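Have a look at the structure below before the remarks.
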Amino acid sequence: YLGTRDPKWDRAARAAAEVGVLFCTLVIVTGPIWAKGTWGRWWTWDLRLTLT
């Protein structure tokens, strides 16, 4: 949008940001559910897991 001043790119960027927020929310919600089934706990404060 900044290079062409075409509003379609602005709309595309906004739509992409909304999809990104949706996927981020899904990961945050389903991550602990997966961890509970896999590790038997909602979250483990292992240094490798927390930093990556």
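The values are calculated or read from the model by the stated rules, or taken from the named source; none is laboratory data. What you see is a predicted model, and the numbers here were worked out from it, not measured in a lab. Please note: Cβ atoms are built from the backbone with ideal geometry, for glycine as well, and neighbour counts cover all protein chains shown.
Points worth noting:
- Evaluating Ala35 against the criteria (1) surrounded by 10 or more Cβ atoms within 10 Å (Cβ to Cβ); (2) at pLDDT below 85; (3) aliphatic (A, V, I, L, M) leaves one unmet condition, (2).
- Set Thr44, Thr30: member being of a type outside the set (Asp, Glu), surrounded by 10 or more Cβ atoms within 10 Å (Cβ to Cβ) and in a helix (DSSP H, G or I): Thr30
- Count of residues meeting criterion [outside any helix (DSSP H, G or I) and in contact (Cβ under 8 Å) with a residue 12 or more places away in the chain] in the range 1-27: 1
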